[in-house]
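The structure under discussion appears below in the form of structure tokens.
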Amino acid sequence: MSGGAGGGGLEVGVLAGCRARWGCWRAARDRCSGQLAHGPLANMADGATPAAAPPSSPAAAVAAPPPAAAAAAAAAAKPSASVARKRQIAELEARQAGGETLSKNARKKLLKLRYREEVLPGRKVQQRQQRQQRRKQKKEGRRIKAAATAASGGAVGGAVAGAASVAAAAPPMAPRVAPKVGFAFFEAIGRPRLVAAPMVNQSELPFRLLMRRYGAQLCYTPMIDARSFASSAAYRAASFSTCAADRPLIAQFAGDDPATLLRAALLVQDDVDAVDLNFGCPQGIARRGHYGAFLLDEPDLMCRLVRVLHEGLSVPVTCKVRMLPDDPLATIALCQRLQDAGCSLLTVHGRTRDQKGQMTGRVDWDIIAAVKEKLSIPVIANGGIEVAEDVVRCLEATRADGVMSSEAILACPDLFEPLQVDSTGSVGHPSRTAAAVPAMERQCALAQEYLHLARQHPPSPSATLAGGTREHDTRSNGIIKSHLFKLLYTGLQTNEDLRDRLQFAQTFDEHSDVVADLSKRGGQAPAAAAMSWYRRHRRGEAEGAT
Ligand SMILES: Cc1cc2nc3c(=O)[nH]c(=O)nc-3n(C[C@H](O)[C@H](O)[C@H](O)COP(=O)(O)O)c2cc1C
């Protein structure tokens, strides 16, 4: 090929372009030669034409596979665009973490990469869901119209009655809360002071309904694994269910990947009032899965998760954190960063990640008070609530906007009942003093009430879907049993025969019979066993919170 300097302008341009492309390809080939020396093509004879030879080579054009096959092969060999983007994000973040100040261009690139990787996929899912929703609504409209016409014998005047009966048969639509943030959101859900915690395998629908009947003003789902939820219909069916009476409700998710969390949260946003991120789980499974309290060391990632959900969801995002060890200022700074990233409500558990199991120990209400003082979003205090009076003490000590209970409310779902909340939101002292050990008759009544709710709303909802029956599946059975053992703990201590029967009970009736028999025997446990479930799990905490 020769490019005479005296050629026409167009020709010079074309040739120069060809040379430039060829030069680029050569440079790329040279860059790859190091990889080829070690990669799958390393045994290729020197000088042999690789499959991706430039199309300008006639020999290669003959030997090359058809374009579609070549493209597929190239795609298989290349890392996906998403992987490449993730790698670039990690590289840039590592440079930042190493103290380097990135150039303006590099910062712009990082923003662009994050947007493409974290926000865009969620938007696409959202758009797809909106399209599906519109199709569903159209279909429902046609169904209602058809039913109305049938009900009125084709007369137009009967349409309303027909539509009403069809609407009555349809499941109730959940009331939507406007996507407000911070205190506007808190007000929109009724300014809840008395909050029931997220509890794996325990804050499922029937138990939430029970706690609501006895004063809980806001409930959380158990922690949901975002990855499984986004990818498995079976997991979704087993791990999330709700109903019209189950509001306000916050769905709690665990995960470390913004796009996955957003995909999962988009699937529930129409059925809940907010989505919560779990930054508090201290268990080994959370360490291995890189979520919960093990993200507390990675504030940048935590903030990114919050930001992506805040931008991608139509409902607010909230967080639940544990305090950081040693330095209260670090906990405050972290909470402020979460607020700035878009967190609308923050629950602070006044214990560190290491305070678990035997090491649970005392809860620190002072740190919750300090966080509350610095933040402009609602703060919920968690930890150290054993009886109703503790709620009042905790609110006074922390000035928090609400109080969350977990272990104590499992044993006493009516924990909040004696508390009166007035129209200004202030919580009065309990109307009755809680007994150190709840009367067994009362506990049995609560257990029966729970069983009744569980018959209507299976704890693991997929059981009903699969079998068409309200009888237990193994998972529901485990959840029910776990509740009954906590509710009836003191009574079962002295009635070992009933404890064994409960252990082996398989159906609602068998469970219910054990509870009825325990109720007939009445009485309270003797002193040795007379230690509430909460106390047994909080030994070393001495007289409660600081
Ligand atoms: C059975 C059980 C399950 C729990 N599951 C969760 C959970 O899914 N998500 C979460 O953030 N915390 C979970 N926790 C922690 C509680 O929400 C709460 O932070 C902790 O128990 C301290 O509150 P307490 O002193 O009132 O028990 C769980 C606690 C218990 C006892």
- Query: If you take just the helices (runs of 4 or more DSSP H) that sit entirely in region 456-546, which of them hold at least 1 residues that are at pLDDT 95 or above, in contact with a Gly (Cβ under 6 Å, 6 or more places away or on another chain) and not charged (D, E, K, R)?
  - Reply: 508-521
- Query: Would you pick out the residues in region 206-233 that are under 14 Å from Val268 (Cα atoms), within 16 Å of the ligand (Cβ to nearest atom) and not charged (D, E, K, R)?
  - Reply: Tyr220, Thr221, Pro222, Met223, Ile224, Ala226, Ser228, Phe229
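Quick check on Phe229: is it modelled with pLDDT of 95 or more, under 21 Å from Gln283 (Cβ atoms) and in a helix (DSSP H, G or I)? Walk me through it before giving the result.
On the way: modelled with pLDDT of 95 or more: yes; under 21 Å from Gln283 (Cβ atoms): yes; in a helix (DSSP H, G or I): yes.
Criteria met by Phe229.
Regarding region 247-270, can at least one residue be identified that is at pLDDT 95 or above, more than 24 Å from Arg304 (Cα to Cα), part of a loop (DSSP other than H, G, I, E, B) and more than 15 Å from the ligand (Cβ to nearest atom)?
yes
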- Query: Condition test on Gln202, is it outside any helix (DSSP H, G or I), within 12 Å of the ligand (Cβ to nearest atom), touching a Pro at 6+ places or on another chain (Cβ under 8 Å) and closer than 18 Å to Leu309 by Cα?
  - Reply: no
- Within region 75-189, which helices (runs of 4 or more DSSP H) (wholly inside it) include 2 or more residues that are among the basic types (Lys, Arg) and at pLDDT 65 or above? 81-97, 104-114, 120-151
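Would you check if Ala237 is assigned to a helix (DSSP H, G or I), surrounded by fewer than 21 Cβ atoms within 10 Å (Cβ to Cβ) and touching a Leu at 6+ places or on another chain (Cβ under 9 Å)? Step through it out loud before you land on a result.
Details: assigned to a helix (DSSP H, G or I): yes; surrounded by fewer than 21 Cβ atoms within 10 Å (Cβ to Cβ): yes; touching a Leu at 6+ places or on another chain (Cβ under 9 Å): yes.
Answer is yes for this residue.
The values are calculated or read from the model by the stated rules, or taken from the named source; none is laboratory data. Source: prediction; values computed, not measured. Cβ: placed from backbone, ideal geometry, glycine included. Neighbour counts: every protein chain shown.
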